[in-house]
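J.: Supplied in structure tokens, the structure appears directly below.
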Amino acid sequence: MVSVLPGAGRRLLWASLSAVASLVPLTAVPAAAAGALPPPVRPEDGADHLTVVVRHAGAGRDGTYEVSCHPAAGRHPDAAGACQVLDEHTRWGRDPFAPVPPDTTCTMLYGGPATARVTGTWAGRPVDASYDRSNGCETGRWDRMVPLLPKPGGSA
């Protein structure tokens, strides 16, 4: 085969083709793999900051707590533990504060009168979630957020 391009033209063509070929692996990521983890927290997303108001959980557990994460700080008895449990339950495309779906079958085991409300910002999204222990599903939902939410009757 005889090349009709001069030496400089061939080098430019090969450099261009190499540059384009190096971009192909970046675009070949499956959608499922790309969404497996939450995106990194960016400064423009704002800080992860939550206010937790707890009522009827027991002596030393009721009150208003502030917690900030990344880094953990605030007026919360266990800010680091609260941030850790939130990080563990944060998945891309899922709301860690989501209520129990209305069609869920739950045991009718009353977990006590404790209630909590969590407001603020988490992973760049607004949060306004209510918790109680009115049945097995709600009690389980609460327990998954301990120590962000206090363990009623246990240590604060």
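The values are calculated or read from the model by the stated rules, or taken from the named source; none is laboratory data. In this text, all values refer to a predicted model and were calculated from it rather than measured experimentally. Please note: Cβ atoms are built from the backbone with ideal geometry, for glycine as well, and neighbour counts cover all protein chains shown. SASA here: full protein model, heavy atoms, side chains in, ligands and nucleic acids out. Shrake-Rupley method; radii C 1.70, N 1.55, O 1.52, S 1.80 Å.
J.: One residue is enough: does segment 89-106 have a residue meeting the conditions within 23 Å of HIS49 (Cβ to Cβ), open to solvent by 20 Å² or more (accessible area, probe 1.4 Å), touching a His at 6+ places or on another chain (Cβ under 7 Å) and in a strand (DSSP E or B)?
T.: There is no residue in segment 89-106 that is within 23 Å of HIS49 (Cβ to Cβ), open to solvent by 20 Å² or more (accessible area, probe 1.4 Å), touching a His at 6+ places or on another chain (Cβ under 7 Å) and in a strand (DSSP E or B).
J.: Another question, if that's okay. Go through segment 103-156 and give me each residue that's within 20 Å of ALA79 (Cα to Cα), hydrophobic (A, V, I, L, M, F, W, C) and without any contact (Cβ under 8 Å) to a residue 60 or more places away in the chain.
T.: Of everything in segment 103-156, those that are within 20 Å of ALA79 (Cα to Cα), hydrophobic (A, V, I, L, M, F, W, C) and without any contact (Cβ under 8 Å) to a residue 60 or more places away in the chain turn out to be ALA129, TRP142.
J.: Would you mind telling me which numbered condition in (1) within 23 Å of GLY153 (Cβ to Cβ); (2) in contact with a strand residue (DSSP E or B) (Cβ under 7 Å, 6 or more places away or on another chain) THR119 fails?
T.: Failing condition for THR119: (1).
J.: For segment 48-64, check the following and say yes or no: at least one residue is modelled with pLDDT under 95 and within 21 Å of the chain's Cα centre (by Cα).
T.: Yes: segment 48-64 contains one or more residues that are modelled with pLDDT under 95 and within 21 Å of the chain's Cα centre (by Cα).
J.: If you don't mind, there's one more thing I want to ask. State yes or no: is THR121 open to solvent by 60 Å² or more (accessible area, probe 1.4 Å), β-branched (Val, Ile, Thr) and touching a helix residue (DSSP H, G or I) at 6+ places or on another chain (Cβ under 9 Å)?
T.: no
J.: While we're looking at this one, here's another question. Among residues belonging to segment 90-102 that are modelled with pLDDT of 95 or more and out of contact with any Phe, Trp or Tyr (no Cβ under 8 Å at 6 or more places or on another chain), point out the one that is nearest to TRP122 (Cα to Cα).
T.: ALA98
J.: I need a count of the residues in segment 51-76 that are surrounded by fewer than 16 Cβ atoms within 10 Å (Cβ to Cβ) and part of a loop (DSSP other than H, G, I, E, B).
T.: Result for segment 51-76: 6.
J.: Is at least one residue of segment 77-87 assigned to a loop (DSSP other than H, G, I, E, B) and open to solvent by less than 70 Å² (accessible area, probe 1.4 Å)?
T.: The answer is yes; a qualifying residue exists.
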